[in-house]
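These notes concern the structure reproduced below.
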Amino acid sequence: MTQKTLVYDDLLITLDDVFEAMGYHGERPDEGTQRETIAVISEVKSWVQPQYCYFVAPEQPDFDMGRIILRQLKGAEAYACFICTSGQEFEDYQQRLKQEGDMLRVFIADALGSVIAERCADQMEADLQRSIDKLGWHHTNRFSPGYCGWHVSQQQLLFPLFKGRTCGVRLNDSSLMVPIKSVSGIIGLGSSVHHLDYTCGLCDYQQCYKRRRHFS
């Protein structure tokens, strides 16, 4: 099991990354929203502690992932299961903003938390790749329950594999992660697998947030 705690600057997040997550595709919001976004980032970056953990299994775990993911994992020689999170402190921060009724900051924090979790996962992928470089292996894209036909309820099979070492992330009764700004899933590893830069053409799930981002 590999586990690591990061700081905000490790994530290499730009202001435009946050604006993109807020829905300003290739544009910037008004000056007031820009100022509030910068203020939220400045506040969060001083204390946020994103974490990731992963382990490598020699055999594919017994998940019902569906044909889209199984096709992408074909040829893998091992499998990395992972959890990445923006952390409980960030979850508490979001709840505090909601209680205060500052809806602009709630909106900004929601977008920022998503970016933090995804960039934490990017750092996890980079760490994972470094660990398999010596084998001459590559890795696939990461695939998560709730996307590409893999039902979110399969989190109930994924999480026990970590034997309690889940970076503080837990599941609620609906199999959603808490803190909500977290990412989990599986990655295929091996000499003949590939990481694809663009994958929406492989998936027919029309409501996926990544599809909306690419095609808006």
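Listed values, structure above:
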| item | result |
| --- | --- |
| Relative contact order %, the stretch 1-83, counting alpha carbon pairs below 8 Å whose residues are six or more apart | 39 |
| Low-density loop cleavage sites - trypsin sites (Lys or Arg not before Pro) in the stretch 1-106, where at most 16 other Cβ are within 10 Å (DSSP) | K74 |
| Cα-Cα separations in the chain greater than 25 Å, expressed as whole percent | 41 |
| Whole-number percent relative contact order across the stretch 136-188, with pairs defined as alpha carbons under 8 Å at least 6 apart | 47 |
| Evaluated at q = 0.14 Å⁻¹: base-10 log I(q)/I(0), Debye formula over Cα of the stretch 65-176 | -0.73 |
| V115 - accessible surface, heavy atoms, 1.4 Å probe, Å² rounded to 10 | 20 |
| Within the chain, longest stretch free of exposed GluC sites (Glu not before Pro) [DSSP loop, at most 11 other beta carbons within 10 Å] | 60-216 |
| For the stretch 99-142, convex hull volume per residue from C-alpha positions, Å³ | 62 |
| Positive-end residue of S182, Q60, C120, charge dipole of the chain with Cβ unit charges | Q60 |
| The chain, relative contact order [Cα under 8 Å, separation at least 6], % | 28 |
| Separation of alpha-carbon centers, the stretch 1-28 and the stretch 62-126, rounded to whole Å | 11 |
| Sequence of H138, H194 from largest to smallest accessible area, 1.4 Å probe | H194, H138 |
| Members of K98/K163; K45/K134; K74/K181 lying beyond 31 Å, as alpha-carbon distances in this model show | K98/K163; K45/K134 |
| Rg [Å, one decimal], Dmax [Å, integer] - the stretch 127-192, C-alpha atoms | 13.7, 41 |
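The values are calculated or read from the model by the stated rules, or taken from the named source; none is laboratory data. From a predicted model like this one, the values you see are computed outputs, not experimental measurements. Cβ coordinates were reconstructed from backbone atoms using ideal geometry, including for glycine residues, and neighbour counts include every protein chain displayed. Accessible surface areas use protein heavy atoms only, side chains included; no ligands, DNA or RNA. Shrake-Rupley method; radii C 1.70, N 1.55, O 1.52, S 1.80 Å.
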